[in-house]
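**Student:** Got a structure for you, written out below as structure tokens; questions coming shortly.
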Amino acid sequence: MNILKNTFTALLTAALTATTLAALPGTGTESDPWLIQTRAHFDEFAADPNYWDDHTRLETDIDLSDKTYNTAVIAPDIDTANHFQGTSFTGVFDGNAHSISNLTINSDEIDRDYLALFGCMEGEASAIKNIHLTGFTVTGLGHSVHWASLCSINENGQIINCHVTNSFVGLRLQNDATFGPNIVAGLCAENYGKILSCTATDITVSGFSYVGGLCAQNIGRIEFSHANCNTFSNSSAGGLCSGNLGTIKFSYANGTTNGGSAVGGLCAANTGTINKSFATGNALGTGNEVGGLCGGNFLGSISDCYATGEASGANSVGGLCGINFKASITRCYASGNPTGNENTGGLVGKNERGFIENCYSTGKVSGNINLGGLIGKNIFGGIKRSFWNLESSEIQTSAGGLAKTTAQMQIPSTFIDDGWVVNDLSSGTPGWYMPVNDYPKLVWQHADTAQVPYLTGKSISSAQNALMSAGFATGELVYVNSFTIPADKVTSLSVFTGGYVHTSVPIDIYVSAGSSADGSPSNPFEIACRTDLESVNQDLSAHYIMTNDVFMGFDKIYSEPVIAPDTDNGTEQFDGIPFNGSIDGRNHYISYFTISSDNPLMALIGAIGSEGEVTNVQLESFDVTGRGPIGGLCGINDGLIEAVSISADIYCTLDFAGGLAGKNNGTIYSSSAECEITGGESVGGICGINSGSLNNCWSEGICKGLVNVGGLCGFNTQSIDNSHSNSRILSFSDGGNIGGLCGRNDGRITRSYATGSIEAPSDIVGGLCGANLGILEKSFAAGSVIGNSFVGGLCGNNYADSIIVSCYASGSVTAHRFLGGLCGLNEGRTSNSYATGDVTGEQGSVGGLCGENRGGIVELCYAVGSVTTDDYYHACAVTGINIELEAVIRNCFWNTETAQTDTGYLTDSDWPGTIENVTGLTTTQMQTLATFTNAGWDFVGETANGTEDIWRMCTDGTAYPRLWWEFAAADITCPDGVNLSDLAALSNTWTLSPDQPNFNPRADFNNDSTIDIADLTILAENWLEDTG
């Protein structure tokens, strides 16, 4: 009887099990997925990991209201360890536009992590898509991590078109302020993959820290998604995402975000990229770092974004961003009203070593300490072409930016005159448009623009159809040679792919005409698109020409150089195969190149070899991040770079960063850089370190670093000639060797100048060169210089055995001590030079020419600037102190009427050195030729003191002496101006060379060692020019 009973029970149990846990219909393939048609099917799928690696499709709505779970429903964590310990979901789950509703997860009885519908999804092949979740409640004990509605952690998979509404994730009761879950979000707690076209609306999300409306921590990509949630956190709360280490694009948040510190309407903290996104909700914090869009931007990038909500907190509160630290904000605006106690700004509360460009704010700014219409406080940061509304902000001052009235901020010329791209709706370039009687808006906000699709490699008909589907009209077909794109396939478009263009603009299609090239010098390969450029790696010794502009892509981020990448990545030494071919850009552009890595040698080209050449190409809108040496064009150059220009943002985590090259061992000629460059040691506008030749180059922008920082070159060991920089120079610390042109010079600098300002809390700072251990000749500096000690208008420290000759400085100098109008400390030889800038010191050793002459020689020089210091007895018109027996000052002068001191120099009581004919004179005396010729100065028009004709003064009583090379090209003789006397002087030395009698080197205008028709042409070009 018992046997029959047991048999019957077993059969009944088996039957019930077969009914309840029936195998799913389908085979689990992409074409024949497992089908969930009932609640029983769903339970079967959730219980059996064997399904989780396959394709599954939901065929009905699922209601889970009858059960309370205490773990994730699918792919749950199986213990309480810190890391996920269960079986991950690695397949594809297609919700098929159905819903799953009323899920309740409550782990009150045990402290559990990874609570969501899916605990963990893993792998690039994994995906969850097309599902709607509603009525979810996820809660439990408060010491857990990774809570969300859909997925706790996405390891490299894709979440596409998923939506959650009317749900709650977090802790309902918080009796202890230090109590609560971490990494909590409305949709996905932690994302390493992609979240695309997803939403979280009408959701409450709460936790102790790292709380986001859609995602808590994003290390991957979030695009075309939004959140409308109420978020609550003790710290790190974001309307869309708490922490972003990846990319957020085309996304927004419009809920209210509440927290302590690190609170942002879109993102609490950003170390990645946020682009074309916005926040309209309020960011309400009680602590520090609160912003309408982002609480803190740390080493990250925010571009083409805006915020309109209120922001309130204690310290570092901004309408857009609370703090911007070593990070960039470009083309952004804020209209909300920020309120804080300290460091509060309409756009950014505190900008520390960060970069802000093309931005504006209009909100009312309220607070107590360090209030700014645009920026509350700025610490060695760069703010360019940015504005705030003087009227609506009710703030008259700012730590950066320009104040404008409402009327001024609603007319295009205000912004166009300052370099903004406004009302360009025809190219796809990121920029602005101006609505009538309104402030600028971002191009992608315009209702009549559409995004341009990527069409390279498509057929002509496919490309035309895609453009028409996007709302565009097609223009002409333009055929170009391409060495990789097959004939009659699309290479590129006349507008930027991924950009926003007005739909009325016809778009031309560039089509490959094929190629018969063999890569020889006479038959080079043709580069017409990004694919061609990437294919240069196939032959690094071939010759190439560009046949069209190349757009690298708004979305493409490279992790290694496009051409000639390094193979080691461990050291600054290049171990790969360098580029030894040639690229002739034919004045075409390569634009919007982004590369980011922790490795060294990040650039478009890893290394250019000794036989390599890159010429005639314009590099535009580059963004380079890596470990040095890095540069926009190349990490290392051993070859030739000629006629190359670049605009770039470059961030180097260690040393050797330059606009074009990290290290230059070859030749860079007739090239330029407009860059924002940040690095450690050896940072320069053109190159970080120059061990080759820089000739006829120029730079402008901002260079920031620790040691050896210069506008053109951080560290020069060879030659810089006929070059200049207008870069602003900033130093982060008390490092040293900071200069307007070159941080440290161990080589030779000739016929070059710097005009940018320098701000450095450092020692050894100079308007042209921080430290000179070589030769400075026929060069000048005109920018203001601020430093600590050993600071000069031209050079911070002119070391022993070094030379300054025929140079001048005109910028003001401000420092603590050891500062001079020309040189802070002179230990070498300074001659035939002058300084006109005002010198202001705090303590001793302050001089109109040199702060201290320590064993060096200063001769045939003069100073006319004012010299003041708190320590009056060390403010001297020529040299603060002359010390050591070898120290010599002779035949030097100062202006007694302008110096504001009666003391020309001081000497050390034990080692006074030598003082000969160092005299203070009136302005009239210093503008009289005889004053100087009687002291042995060599002037144009006299031979008693030499025939080099170093100085020039044509008329008494009009100006101080000037160096002959300052005058216009071809202005050889007195009177001032290029006239018949100069033509006569040229005739007297016609066809002569330097080894012949009567050769006049000043008539050799092009420095080719002969006087010929080329020099006559230069004289004609400057005819009647007057620079006297």
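The values are calculated or read from the model by the stated rules, or taken from the named source; none is laboratory data. The model shown is predicted, which means the values in this text are computed figures rather than measured ones. As a convention, Cβ positions derive from the backbone with ideal geometry for all residues, glycine included, and neighbour counts pool all protein chains shown.
**Student:** SER301 is checked against (1) farther than 18 Å from VAL211 by Cα; (2) polar (S, T, N, Q); (3) more than 18 Å from the chain's Cα centre (by Cα) and fails just one. What number does that condition carry?
**Tutor:** It is condition (3) that SER301 fails.
**Student:** Okay, moving on. Tell me which residues, restricted to region 931-958, are loosely packed, with under 14 Cβ neighbours inside 10 Å and more than 23 Å from ASN998 (Cα to Cα).
**Tutor:** Within region 931-958, ASN934, THR955, ASP956, GLY957, THR958 qualify.
**Student:** Cβ-Cβ below 6 Å, separation at least six or inter-chain, first residue in region 479-495 and closer than 15 Å to TYR454 by Cα and in contact (Cβ under 8 Å) with a residue 12 or more places away in the chain, second among the hydroxyl-bearing types (Ser, Thr, Tyr) and surrounded by fewer than 19 Cβ atoms within 10 Å (Cβ to Cβ): which pairs?
**Tutor:** Hits for this filter: VAL495/SER427.
**Student:** Of everything in region 219-236, what is buried (at least 23 other Cβ atoms within 10 Å of the Cβ) and among the β-branched types (Val, Ile, Thr)? Give them in sequence order.
**Tutor:** Scanning region 219-236 gives ILE222, THR231.
**Student:** Output the number of the condition that TYR544 fails; it satisfies all remaining conditions of (1) surrounded by 16 or more Cβ atoms within 10 Å (Cβ to Cβ); (2) under 24 Å from THR474 (Cβ atoms).
**Tutor:** That leaves (2) as the condition not met.
**Student:** Now for a different question. Would you mention how many residues in region 636-656 are within 19 Å of GLN618 (Cα to Cα) and either among the hydrophobic types (A, V, I, L, M, F, W, C) or in contact with a helix residue (DSSP H, G or I) (Cβ under 7 Å, 6 or more places away or on another chain) (or both)?
**Tutor:** Total satisfying the criteria: 8.
**Student:** Now a separate question. Name the strands (runs of 3 or more DSSP E) wholly inside region 487-595 in which the number of residues that are assigned by TED's automatic domain parsing to the domain that holds ASN616 is 3 or more.
**Tutor:** Passing ranges, in order: 582-591.
**Student:** Still on this model: Here is a check on your reading of the model: is ALA466 without any contact (Cβ under 8 Å) to a residue 24 or more places away in the chain and surrounded by 15 or more Cβ atoms within 10 Å (Cβ to Cβ)?
**Tutor:** Taking the combined requirement at face value, the residue satisfies it.
**Student:** Give the residue that is farthest from PHE593 (Cα to Cα), with candidates limited to residues of region 488-527 that are among the β-branched types (Val, Ile, Thr) and under 28 Å from the mean Cα position of the chain (by Cα).
**Tutor:** Across region 488-527, the extreme among qualifying residues is VAL501.
**Student:** Among the residues of region 358-375, what is the count of those that are touching a Cys at 6+ places or on another chain (Cβ under 9 Å), at pLDDT 95 or above and in a loop (DSSP other than H, G, I, E, B)?
**Tutor:** The number of residues fulfilling the criteria is 2.
**Student:** Suppose the filter is under 30 Å from ILE222 (Cα atoms) and touching a helix residue (DSSP H, G or I) at 6+ places or on another chain (Cβ under 8 Å); does VAL511 pass it?
**Tutor:** No; evaluated as a whole, the condition is false for this residue.
**Student:** Can you spot a residue in region 648-665 that is closer than 16 Å to GLY743 by Cα, part of a strand (DSSP E or B) and within 13 Å of the chain's Cα centre (by Cα)?
**Tutor:** yes
**Student:** Now for a different question. How about region 228-269: which strands (runs of 3 or more DSSP E) wholly inside it have at least 2 residues that are under 17 Å from ASN324 (Cα atoms), out of contact with any helix residue (DSSP H, G or I) (no Cβ under 6 Å at 6 or more places or on another chain) and not charged (D, E, K, R)?
**Tutor:** Here the list reads 241-244, 261-264.
Here's the yes/no breakdown for (1) outside the structural domain of GLY585 (by TED's automatic domain parsing); (2) more than 19 Å from GLY766 (Cα to Cα); (3) touching a Ser or Thr at 6+ places or on another chain (Cβ under 9 Å):
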position: GLY632; (1), (2), (3): no, yes, yes
position: ALA648; (1), (2), (3): no, yes, yes
position: GLY658; (1), (2), (3): no, yes, yes
position: ALA661; (1), (2), (3): no, yes, no
position: SER670; (1), (2), (3): no, yes, no
position: GLU676; (1), (2), (3): no, yes, yes
position: GLY692; (1), (2), (3): no, yes, yes
position: GLY701; (1), (2), (3): no, no, yes
position: GLY711; (1), (2), (3): no, no, yes
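**Student:** Can you list the strands (runs of 3 or more DSSP E) found entirely within region 707-820 that contain at least 2 residues being of a type in the set (S, T, N, Q)?
**Tutor:** 728-739, 795-798
**Student:** For region 71-117, enumerate the residues that are polar (S, T, N, Q), modelled with pLDDT of 95 or more and not in a loop (DSSP other than H, G, I, E, B).
**Tutor:** Once the filter is applied, which keeps residues that are polar (S, T, N, Q), modelled with pLDDT of 95 or more and not in a loop (DSSP other than H, G, I, E, B), region 71-117 yields ASN96, SER99, SER101, THR104.
**Student:** Being part of a strand (DSSP E or B) and crowded, with 21+ Cβ neighbours inside 10 Å is the filter here; which residues of region 821-835 pass it?
**Tutor:** CYS823, GLY824, LEU825, ASN826, THR830, TYR834, ALA835
**Student:** Of TRP388, TRP420, which residue is aromatic (Phe, Trp, Tyr) and assigned to a strand (DSSP E or B)?
**Tutor:** Answer to the selection: TRP388.
**Student:** Taking region 382-394 as the search range and keeping residues that are crowded, with 19+ Cβ neighbours inside 10 Å and in contact with a Phe, Trp or Tyr (Cβ under 7 Å, 6 or more places away or on another chain), which one is nearest to GLY340 (Cα to Cα)?
**Tutor:** TRP388
**Student:** Based on this model, can you work out whether GLY865 counts as crowded, with 18+ Cβ neighbours inside 10 Å, closer than 18 Å to ALA959 by Cβ and touching an Asp or Glu at 6+ places or on another chain (Cβ under 9 Å)?
**Tutor:** So GLY865 fits the description; yes.
**Student:** Could you tell me whether any residue of region 227-245 is touching a Pro at 6+ places or on another chain (Cβ under 7 Å) and more than 17 Å from LEU117 (Cβ to Cβ)?
**Tutor:** no
**Student:** Select from region 577-612 the residues that are of a type in the set (D, E, K, R) and either closer than 17 Å to GLY659 by Cα or touching a residue at least 60 places away in the same chain (Cβ under 8 Å) (or both) and list them in ascending order.
**Tutor:** Of everything in region 577-612, those that are of a type in the set (D, E, K, R) and either closer than 17 Å to GLY659 by Cα or touching a residue at least 60 places away in the same chain (Cβ under 8 Å) (or both) turn out to be ASP584, GLU611.
**Student:** In addition: Just for region 781-810: of the residues that are among the aliphatic types (A, V, I, L, M) and more than 33 Å from the chain's Cα centre (by Cα), which one is surrounded by the fewest Cβ atoms within 10 Å (Cβ to Cβ)?
**Tutor:** ALA800
**Student:** Only one of (1) part of a loop (DSSP other than H, G, I, E, B); (2) buried (at least 19 other Cβ atoms within 10 Å of the Cβ) fails for ASP1015. Which number is that?
**Tutor:** (1)
**Student:** Still on this structure, please answer the following. Run down GLY246, GLY207 and say which single residue is surrounded by fewer than 24 Cβ atoms within 10 Å (Cβ to Cβ) and either over 25 Å from the mean Cα position of the chain (by Cα) or modelled with pLDDT under 95 (or both).
**Tutor:** GLY246
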